[in-house]
Amino acid sequence: MAALFIWLCTPGLAQTVAEAEAALVNGAPVEALDILDRLEVDPADDPLQILFIEGLAAMDAGQFQRAIRALEAMVTAAPDLTRPRLELARAYFLAGDDGNAMRQFELVTGGITDLAVLDTIEQFLAEIEARRTLWYSFSIGLAPDTNINAATDAATVDLAFIGLPFDVPADARAQSGTGLETSLGLDWRGRPDEVGGRWTAGATLFAREYSDDRFDDRLIDVTLGRQVRLSDWTLTFGPKALIRQSGGAVSERGYGLRLQGTHTPRATRQLSFSLGKDWDHNLLTDRRMARASASAGIVEALSGRTRAGVTLSLDRYHGEATTEARGVVGLTGLFYTEFADGLTVALRPRVSLAVYDQAVNGISGNRRRDITYGLPVEVSHRRLRIAGFQPYGQITWEQRDSVNPFFEYDRQRVFAGVSRRF
């Protein structure tokens, strides 16, 4: 008993947070962690300070997973503090988790005005870009859809230009179903060469399959590009190609050229643009269509956890099917926010106006005009993981109004599944 009493009273056993901090400052992170492990709880101690010291000490000691756990706990408890989130990003970086490191750096830049800190973040991001050449992502989930074929649900529509009602065949009306949706994305970026440029390539494999295989949809999309820096812009130019299979048969082949650019005039703002030309061949109708497109957008960081933006797009379709020739103008918004517990929500409202060159039936004086509205809402949680995958959900409301009621429809789509970026 006396020996036990002597051991309990040994000087240095009941050490303090201040001693752990001093050990860290003096370059002894392992000693600091040892002190924290044997720390007696004191109501006067700040639990956030303890987590912060533990995170920094664990990083310096090379115990990156422990550092991540401590700093994640601190960021969850105090999401508006900038320094802990920066250190969490650094811990992810040192652990080789570049995806989460980039995400944390991007979330925090909106609340930083210190140019030296911003320069340091840019150096981290540049090193991540330089050391990674291949990124890939995967998602899988169920996708209920109230209107798979984007068709009217009316049995009869009144066509004013012929003055008679039109009976819509049952198989031409809206069809609903639940599909299994899978997506695999690959993104390769070569290392910069002597002149600062590099080659890029990407591929997307997408499939949505239903019990009624008439509505199965599969797509392979590949891109190749040359990326260069021009003044303050990052420009990527190159070809793309796609092949689509619908209902078990190849339905579309296409190819095109794309020029894209991004510019970050300041840490909280990014500008972007895209110019493209595409040629598509619809094998089901044996018709060819060309499309010229242009878009410009801006994204602004409103805070460390909230971003908003808008994109304006213009498209011109023309080709063999003169009834499909049209111009389209679209507007897409973005509002993204992350809550304190790690829940993220993104809203992407959109509206587009399509004006066709020809009248509805070729003889009527009223040209076809469609207005399509959409509101996708995406929800995820960065702290939840299932075997390394993140739960992800999306619900989309969509509606089209047209001068020809045959082309009007309402649609609700849902995706509920998991995703992961590697």
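Each helix, a run of at least 4 DSSP H residues, gives -39500 (n - 2.57); summed and divided by the residues of the chain, these come to -7000 deg cm²/dmol at 222 nm.
Annotation: Cα Rg of region 254-359 relative to the compact-globule expectation 2.2 N^0.38 Å equals 1.38. Suppose R0 equals 30 Å; then what is the FRET efficiency for Leu186 and Ala249 from their Cβ-Cβ distance, rounded to the nearest 0.05? After rounding, the FRET efficiency stands at 0.70. The simple Förster model, with R0 at 56 Å and r as the Cβ-Cβ distance, assigns Asp119 and Arg173 a FRET efficiency of 0.40. Phi angles of region 394-404 translate, via the Karplus equation with coefficients 6.51, -1.76, 1.60 and θ = phi - 60°, into HN-Hα couplings of 9, 10, 10, 9, 9, 8, 10, 10, 8, 5, 10 Hz per residue; Gly and Pro are given as x. The modelled label-to-label distance between Leu257 and Val377, using points 7 Å beyond Cα along the C-beta direction, is 4.3 nm.
Return the single residue from Phe339, Phe64, Phe166 with maximal mean-square fluctuation; model: Gaussian network over the chain, springs between Cα atoms under 10 Å. Its mean-square fluctuation being the largest, the pick is Phe166. Listing Glu19, Glu194, Glu338 from fewest to most neighbouring C-beta atoms within 10 Å gives Glu194, Glu19, Glu338.
Taken along its principal axes, the alpha carbon cloud of the chain reaches lengths of 104, 53, 35 Å, longest axis first. Note on Ile148, Ile220: ascending count of other Cβ atoms within 10 Å places them as Ile220, Ile148, the fewest first. Look at Lys240, Lys277 and count the other Cβ atoms within 10 Å of each Cβ; fewest to most, that gives Lys277, Lys240.
For region 235-276, the convex hull spanned by the alpha carbon atoms encloses 86 Å³ per residue. For Ala321, the residues whose amide H sits under 5 Å from its own are Arg288, ignoring neighbours fewer than 5 places away on the same chain, with H placed 1.01 Å from N. Here the Karplus relation 6.51 cos²θ - 1.76 cosθ + 1.60, evaluated at θ = phi - 60°, turns the backbone of region 244-261 into coupling constants of 10, 10, 10, x, x, 10, 5, 10, 7, 10, x, 8, x, 10, 9, 10, 10, x Hz, with x for every Gly and Pro.
Other residues lying with their Cβ under 12 Å from the Cβ of Arg368 contribute a combined charge of -1, Lys and Arg counting +1, Asp and Glu -1. Across Val30, Val75, Val379, mean-square fluctuation computed from a Gaussian network of the chain (C-alpha pairs under 10 Å connected) peaks at Val30. By the gyration tensor of its Cα atoms, with a ≥ b ≥ c the square roots of the eigenvalues, what is the shape of region 125-239: rounded for a/c under 1.5, prolate for a/b over b/c, or oblate? It is prolate, given that a/c is not under 1.5 and a/b is the larger ratio. Our coupling estimate for region 324-341, obtained by passing each phi through the Karplus curve with A = 6.51, B = -1.76, C = 1.60 and θ = phi - 60°, is 9, 5, 6, x, 10, 10, x, 9, 10, x, 9, 9, 10, 8, 10, 8, 4, 8 Hz, Gly and Pro reported as x. So which residue, out of Gln123, Gln270, Gln175, gets the largest mean-square fluctuation from a GNM of the chain using Cα contacts under 10 Å as springs? The residue that fluctuates most here is Gln123.
Our note on the geometry: Cα centres of region 309-338 and region 145-221, 16 Å apart.
Computed from the coordinates by the stated procedures, all read-outs in this text should not be read as laboratory data. Because the structure is a prediction, the values reported are computed rather than measured. Cβ: placed from backbone, ideal geometry, glycine included. Neighbour counts: every protein chain shown.
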